[in-house]
Amino acid sequence: MPGVDDGAPTLEHGLEALSSFFDDGIRRVVTTPHLDGAHANSPRRERIDAAFEELAAAAAISVPDIQLELAYEVRIDDPEADLSDRSLGLSKGGCLLVEFPQLTLPAYSNRMLEVVLAYDWVPVLAHPERYAGVGVAYGWISRWREMGAVMCLNVGSLLGEHGPEAERVARRMLADGQADIVASDHHARPRRSTTLRRGWDLLTEGGSSEDREVAHTLMVSNPLAVLAGTPLTPVSAVESAGGWFGRLRRRLLGGTK
Ligand SMILES: [Fe+2]
């Protein structure tokens, strides 16, 4: 999205990113510019919507085979936020992509999710592995999931792009079956290539059919389910003997498999 947040500075950078996605085999992209919950119905949103129209019109010419959709990454920073507009959500699925403010773990994280749930959204929590302190407070992740939230990892965390703590938490979530989706969080900044293909290669490097099935659930079928509003497939703790998951599981849990 050109010029609306810390993503693509210009339209050209947005189009470059879409071309890069296309080269990775991706045919459907949901843009999720940042939006404060307190500003969900403000002029700032109108600016975002206008930028989307600009991007969509240009993309229809330069990358016509990508289906482009608009949603938002809503920062839940205001217990009084009005989240009633259904067009805030991811496609028609009744899911709202949300994040906690400032990449920190709020003491009231369950209350913030309750704000979202009260509007009958399924919260899709962006990058749970990145909030400072979540490694120590790891138990929160299962509480959020029990509340009905979907956990959406950044592929960059698995690749070490967000530091060792985020990488460790992301990999632990995968080994525990606590991750539902792996997404790009791609910001289309200059000279930044997309990493979904690398993430796919990492998850399937062992070559086993179990690894491929898990990667497909995390990167294809569960994202599609979120967009369609259909039930997600649970990603069980992986017990594959071979490959990346197996090694990770043995290292973390000391298992024999
Ligand atoms: Fe975010």
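Observations, loosely collected:
- Residues being part of a loop (DSSP other than H, G, I, E, B) and touching a helix residue (DSSP H, G or I) at 6+ places or on another chain (Cβ under 8 Å) - total across the stretch 53-79: 9
- R172 vs. criteria closer than 24 Å to H39 by Cβ, assigned to a helix (DSSP H, G or I) and either of a type in the set (D, E, K, R) or without any contact (Cβ under 8 Å) to a residue 24 or more places away in the chain (or both): no
- Against the conditions (1) surrounded by fewer than 18 Cβ atoms within 10 Å (Cβ to Cβ); (2) part of a helix (DSSP H, G or I); (3) of a type outside the set (S, T, Y), A17 satisfies every one except (1).
- For L125, the conditions (1) within 14 Å of the ligand (Cβ to nearest atom); (2) of a type in the set (A, V, I, L, M); (3) assigned to a loop (DSSP other than H, G, I, E, B) are fulfilled apart from (3).
- Filtered by the rule that a residue be farther than 24 Å from P231 by Cα, away from the ligand (no atom under 14 Å from the Cβ) and either crowded, with 22+ Cβ neighbours inside 10 Å or among the aromatic types (F, W, Y) (or both), the stretch 128-157 gives a lone residue, Y138.
- Qualifying residue in the stretch 84-94 (condition: touching a strand residue (DSSP E or B) at 6+ places or on another chain (Cβ under 8 Å), over 18 Å from R130 (Cβ atoms), within 16 Å of the ligand (Cβ to nearest atom) and not in a strand (DSSP E or B)): yes
- Filter result for A107 (modelled with pLDDT of 95 or more and away from the ligand (no atom under 16 Å from the Cβ)): no
The values are calculated or read from the model by the stated rules, or taken from the named source; none is laboratory data. Here the structure is a predicted model, which is why all the values come from computation and not from measurement. Positions of Cβ are generated from backbone atoms using ideal geometry, with glycine treated the same way; all protein chains shown enter the neighbour counts.
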